[in-house]
1. I'd like to check something: does the range 52-70 contain any residue that is of a type in the set (Asp, Glu), under 19 Å from residue 127 (Cα atoms) and out of contact with any strand residue (DSSP E or B) (no Cβ under 6 Å at 6 or more places or on another chain)?
2. Would you check if there is a residue in the range 24-44 being farther than 25 Å from residue 293 by Cβ and of a type in the set (A, V, I, L, M)?
3. Within the range 55-66, does at least one residue satisfy the condition of being in contact (Cβ under 8 Å) with a residue 24 or more places away in the chain, surrounded by fewer than 16 Cβ atoms within 10 Å (Cβ to Cβ) and within 29 Å of residue 309 (Cβ to Cβ)?
4. Taking the criterion of being crowded, with 21+ Cβ neighbours inside 10 Å, closer than 24 Å to residue 134 by Cα and in contact with an Asp or Glu (Cβ under 8 Å, 6 or more places away or on another chain), would at least one residue in the range 39-50 satisfy it?
5. Within the range 116-123, identify whether any single residue is surrounded by 14 or more Cβ atoms within 10 Å (Cβ to Cβ), at pLDDT 95 or above and not in a helix (DSSP H, G or I), and answer yes or no.
6. Out of 162, 188, 158, report the one residue that is touching a residue at least 12 places away in the same chain (Cβ under 8 Å) and in contact with a Lys or Arg (Cβ under 8 Å, 6 or more places away or on another chain).
7. Can you find a residue that is outside any helix (DSSP H, G or I), basic (Lys, Arg), surrounded by fewer than 18 Cβ atoms within 10 Å (Cβ to Cβ) and modelled with pLDDT under 90 anywhere in the range 223-239?
8. Of the residues 212, 184, which single one is within 21 Å of the chain's Cα centre (by Cα) and farther than 25 Å from residue 142 by Cα?
Amino acid sequence: MKTALCLAGIGEILMDRFEDGEVTMGGAPFNLTFQLHQLLMLSGYGEAVMVSRVGSDAWGQHILKRIQDARMSAEFVQIDPVRATGSANVFAHNGGAGFEIVPHVAWDAIERTDALQQLARRCDAVVFGSLAQRSEPSRETIQSFVAQVNGPRLYDVNLRRNTTDGVAGYSVEIIERCLELATILKMNDTELEEVASMLAVKSDLSPGEERIWSLVAALCGKYKLDMVAITRGERGALLMRGGERLRLADSSLPQDQVHPVGAGDAFSAGLLFGVVAGWDLSRCSELAETLSSWVVTHTSATPVFTPEIAERIQGILAKTQAELLAGAR
């Protein structure tokens, strides 16, 4: 594996505004890229770079400082002189959480520049989603960028629909184009059913694990996907890579200690790191599960590595490296 990797995430960065007045930084592509960067820095393999756009306002400055504090490059986070930094209002709704993602914000207008094109051509992998493609300027930039990356391209479906007005941040055309660009697909089991229905991918099996495997196989047959990961919350995850299937065990964490925001992004980060490192499916899943199980115990989607989690991850890295060296002899 190269010792100076450059992985990129492209899409939305936003501020989540809660009813109690709390404001936290989020956006699935950023959460994922943040965790990737921590893994790369810990391993000494390189860096992860975020591509997005913020406003020239106080929250934009806050985001840029947070990125720099994490020792990440802010070079490709554009500053919009007119549009505000993206935000989402999060509120209680029918016993759960509802949200409204503010439209016409800075990350709706990510510009395609020569510098971005050069970055895409030197990237070893990229992560992207659907939401930031809701507007044409960002959609064209993201799809152009992803198409130029000569390496794994992880599409985190991450379907988002506003609670109050029902406006979706995706379309069948966006999803289909993303699947054509992707080599790795990650989504949860609910999103799998919605995507399958939108794309007329069918299974005659009843709801359950075998139906999921059937739909995943059908998607792999229709698109050139090397790997698919289906997360299922407390019921673990299902992974398919080529002809290999892997079921991850149910979560053992007490549900009153679980904070699910960001856990799926951390899972994807661990998975992609393993893929780029040339690991087999079981080792990729071990890192993904370890990282997501740690993040889910934090209210923040982007907690900074503690010495304890760093030690656990370094143990996985050392063990896997030793196995790879032994296999090469």
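The values are calculated or read from the model by the stated rules, or taken from the named source; none is laboratory data. Source: prediction; values computed, not measured. So basically every Cβ, Gly included, is an ideal-geometry build from the backbone, and we count neighbours across all protein chains shown.
1. Taking every residue of the range 52-70 in turn, none turns out to be of a type in the set (Asp, Glu), under 19 Å from residue 127 (Cα atoms) and out of contact with any strand residue (DSSP E or B) (no Cβ under 6 Å at 6 or more places or on another chain).
2. No, there is no match, as no residue in the range 24-44 is farther than 25 Å from residue 293 by Cβ and of a type in the set (A, V, I, L, M).
3. yes
4. yes
5. Looking for residues that are surrounded by 14 or more Cβ atoms within 10 Å (Cβ to Cβ), at pLDDT 95 or above and not in a helix (DSSP H, G or I), one finds at least one in the range 116-123, hence yes.
6. 188
7. Start the filter on the range 223-239 by keeping residues that are outside any helix (DSSP H, G or I), which leaves 223-232, 236-239.
Those left that are additionally basic (Lys, Arg): 224, 232.
Subsequent filtering for residues that are surrounded by fewer than 18 Cβ atoms within 10 Å (Cβ to Cβ) retains 224.
Now drop any that are not modelled with pLDDT under 90, which leaves 224.
Looking for residues that are outside any helix (DSSP H, G or I), basic (Lys, Arg), surrounded by fewer than 18 Cβ atoms within 10 Å (Cβ to Cβ) and modelled with pLDDT under 90, one finds at least one in the range 223-239, hence yes.
8. Values: 184 fails: farther than 25 Å from residue 142 by Cα.
When all the criteria are applied, what remains is 212.
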